[in-house]
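Note sheet for the following structure.
The values are calculated or read from the model by the stated rules, or taken from the named source; none is laboratory data. None of the values given here were measured: they were computed from a predicted structure. Cβ placement follows ideal geometry from the backbone for every residue including glycine, while neighbour counts extend to all protein chains displayed.
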Amino acid sequence: MIAEIWNLLASRGDFFLGLLVEHIQISLAAIVIAILLGGLIGILISECRPGAKPTLAVVSFLYTIPSISMLGFLIPFSGVGNLTAVIALTIYALLPMVRNTHTGITNIDPLLLEAAKGMGSTRLQTLVRIKLPLAMPVILSGIRSMTTMTIALAGIASFIGAGGLGVAIYRGITTNNAAMTMAGSLLIAVLALAIDGLFTLLEKWMDRQKKPARRHRRPLWIALITVSLLIVVLPLVRPSATDTIRIATKPMTEQYILGEMLDILIEQETELNVEVTQGVGGGTSNIQPAMENGEFDVYPEYTGTAWNMVLKEEDLYDESRFDELNSRYQQAYDMQWIGMYGFNNTYGLVVRSAIAEQYDLKTYSDLAAVSDRLTLGAEYDFFEREDGYDALCDAYGMRFGATMDLDIGLKYQALEQGEIDAMVIFTTDGQLSVADARVLEDDRGFYPSYRCGNVIRSEVLRAHPELTAVFDQLSGQISDSDMAAMNYAVESEGKEPRDVAVEFLQTHGLLEQEG
C-alpha cells in the first residue's frame, strides 16, 4: 500500500498539489475569520461579564452540530462550494477561539489590573497593554488547537463540491481506490502536523521576544496578518469568467468519467474553458439548486431521478414522457436536456449468492417473502426518494429486518463481508460483473427508466450555441455494457476516470490525435 501511495503521489503530483493549495486556502480563510471574529467576541464577553454564559452556550451548541448537518443547513443560503465550506469551518473554529480568549483575559490577576487602573490607564489601555499580552499564551493555545482541527475538518468540504484534499478522499472511496483515499488522508495529517510544528516554533520565539520592546515585534505581526489576508482574499476575488463552462457531477464513478468526457470535448471543440466540480455530495439534491442559482452550468442527470426528485412527481417515469420532462424543465427552470448518452442506469436488487441459494431467491417477490430476516444496504438518498425504499417496500410488501446507509463506493465491500444480505445496485455498476451476488428479477416492473443525459441552463446554451454540436457527438454513443465496462476499469482495475474517458473517446473517433 505504501508503494502504491508513493507512486500515486509521484505520478499525479500536480493533482495533489492543486488540492493541497485549495485545502490551505479554505482552511486559512476560516482560521483568519475565526481569529478575528472569535477574538472580538471573546474580548467583548470578557469586558461585559453578563453576556459570557449565554454567548458561550450558543457557540458550544453550534459546535455540537454534526458537520454534515451544518453543511446541509447552509447550502440553501450560501449554495455549494468553497463559501459554504468556509462558513461551516468558521462556525466550528469559533468555540476554542472565543473560550480561550475569554479564559485568558478573565484569569488575569486582579491586582495587576488594579495597579494599572491606579496608574491612570484607561479601560482600552488596560486591555491592549495588560490583558491581551498576559492572555496571549492561552489565546495562542486556542488558535493552535483550532487551526489543527480546522485543517482536519476541511476534508469534509468536498462533500458539497468545495476543493481541498477531501476531494481525493471522497473520490477514492467512490471509485474503490484505497491508495487515493490514503494519500489524501496522509497529506491532511502531514499538513496539520506541520502547522502544529510552526505554532511550537512561534511559541518559542515569543518566549525569547518577551524582553524586547513591543515596537520591535509589531512589523512581524503586521506582515503575518497581511500575508494571511492576501492568501485568503486573492483566490476569492476572481473575475467572473463568461467563457468558462462549469460542470458538476454526482459522487459516482460513471459521473466522474462523463465529467471528464465533457471537459475534454468542450475544450477540444470550442474556445471555452471548463471547470469541473467532481462528486458533489447529495447529488441532485444539491446540484439542482446550484444550477438554479447559476453556480453550475451543466451536469449529467437521469430522467427518472429528474421526474421524481426535481419535478416532484410521484408516479413512475417512462421514456414516452421525455418531451413532457424536457418541456417542464424549460418552463420551470429555463433548463433543457441535451446529449442523451444512450445508457439506462436504472436500479436493481441483488442478494448474496449464499442467501439466494438458501432461500431460492429469483425475483423481488421471492425476496419480499423473507425480507424480515435480511439486512438491506443502499445509498443515503435511496431511503428518501419518492421512488426509493418506501415505494419499493409498498409495491412488493417488503419489510426488511434492518437497513444500512452506505456510501456508493462501499456497498459491494459490505456485501462481500456479509454486513448486508441484499442491496440496491445500478445496472451499470462496474463491480456487479465480479460480485458474488445474484441479480433478482423485477417481476412487477417497479423501477422506471433512468436514461442519462445532460441538463444545461438555457442561458448558457443561448450564449454558446456551439455546445450543441459537442453534446450531439456523445448522443447514443454509450450503451449499458459500455458504461459498466468503464466503471469496472476505474473501480477494479485502478484506472483514472480521465484515462478511461480518453480511451473511450479515442476508440469512437471523437478525440483528436496529438501530433
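Has the range 178-190 got any residue that is surrounded by fewer than 16 Cβ atoms within 10 Å (Cβ to Cβ), in a helix (DSSP H, G or I) and without any contact (Cβ under 8 Å) to a residue 60 or more places away in the chain? Yes, because at least one residue in the range 178-190 is surrounded by fewer than 16 Cβ atoms within 10 Å (Cβ to Cβ), in a helix (DSSP H, G or I) and without any contact (Cβ under 8 Å) to a residue 60 or more places away in the chain. Out of all the residues in the range 296-309, is one or more aliphatic (A, V, I, L, M), over 21 Å from ASP429 (Cβ atoms) and part of a helix (DSSP H, G or I)? No, there is no match, as no residue in the range 296-309 is aliphatic (A, V, I, L, M), over 21 Å from ASP429 (Cβ atoms) and part of a helix (DSSP H, G or I). Residues in the range 119-166 that are at pLDDT 85 or above and either within 22 Å of GLN278 (Cα to Cα) or outside the structural domain of VAL59 (by TED's automatic domain parsing) (or both): ILE151, ALA152, LEU153, ALA154, GLY155, GLY164, LEU165, GLY166.
I'm told ALA395 meets every condition in (1) hydrophobic (A, V, I, L, M, F, W, C); (2) closer than 25 Å to PHE322 by Cα; (3) exposed (fewer than 15 other Cβ atoms within 10 Å of the Cβ) except one. Can you identify the failing condition by its number? The number of the failed condition is (3). Residue selection: GLU384 fails the criterion of being among the charged types (D, E, K, R), free of Cβ contacts under 8 Å to residues at least 24 places away in the same chain, more than 20 Å from ASN308 (Cβ to Cβ) and outside the structural domain of GLU491 (by TED's automatic domain parsing). Among the residues of the range 457-474, those that are of a type outside the set (Val, Ile, Thr), within 13 Å of ARG246 (Cβ to Cβ) and touching a Leu at 6+ places or on another chain (Cβ under 8 Å) comprise HIS464, LEU467. Of all residue pairs spaced 6 or more apart or on separate chains, those with beta-carbon atoms under 8 Å, a first member in the range 395-419 that is closer than 12 Å to TYR380 by Cα and a second member that is modelled with pLDDT of 90 or more and surrounded by fewer than 16 Cβ atoms within 10 Å (Cβ to Cβ) are MET404/GLU419. Being crowded, with 18+ Cβ neighbours inside 10 Å and among the β-branched types (Val, Ile, Thr) is the filter; apply it to the range 355-374 and report the residue that is nearest to PHE426 (Cα to Cα). It comes out as ILE355. Summed over the range 440-466, residues that are touching a helix residue (DSSP H, G or I) at 6+ places or on another chain (Cβ under 8 Å) and either farther than 19 Å from GLY342 by Cβ or charged (D, E, K, R) (or both) total 12. Candidates are the residues of the range 311-340 that are surrounded by fewer than 16 Cβ atoms within 10 Å (Cβ to Cβ) and of a type in the set (Gly, Ala, Ser); the one that is nearest to GLY445 (Cα to Cα) is SER320. The set of residues in the range 259-282 being within 23 Å of GLY79 (Cα to Cα) and either part of a strand (DSSP E or B) or aliphatic (A, V, I, L, M) (or both) consists of ASN273, VAL274, GLU275, VAL276, THR277, VAL280.
Over 25 Å from the mean Cα position of the chain (by Cα), over 30 Å from LYS495 (Cβ atoms) and of a type in the set (Val, Ile, Thr): is that true of ILE65 in this structure? It is false that ILE65 is over 25 Å from the mean Cα position of the chain (by Cα), over 30 Å from LYS495 (Cβ atoms) and of a type in the set (Val, Ile, Thr).
The test for being small (Gly, Ala, Ser) and touching a Ser or Thr at 6+ places or on another chain (Cβ under 7 Å) does not hold for GLY388.
The rows are residues; the columns are (1) at negative phi; (2) modelled with pLDDT of 95 or more.
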position: ASP315; (1), (2): yes, no
position: GLU319; (1), (2): yes, no
position: GLU324; (1), (2): yes, yes
position: SER327; (1), (2): yes, yes
position: GLN331; (1), (2): yes, yes
position: ASP334; (1), (2): no, yes
position: TRP337; (1), (2): yes, yes
position: GLY348; (1), (2): yes, no
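Here PHE426 meets each of (1) in contact (Cβ under 8 Å) with a residue 60 or more places away in the chain; (2) surrounded by fewer than 16 Cβ atoms within 10 Å (Cβ to Cβ); (3) assigned by TED's automatic domain parsing to the domain that holds ARG385 with one exception, condition (2).
Within the range 380-390, being surrounded by fewer than 16 Cβ atoms within 10 Å (Cβ to Cβ) and under 17 Å from ASP443 (Cα atoms) holds for no residue.
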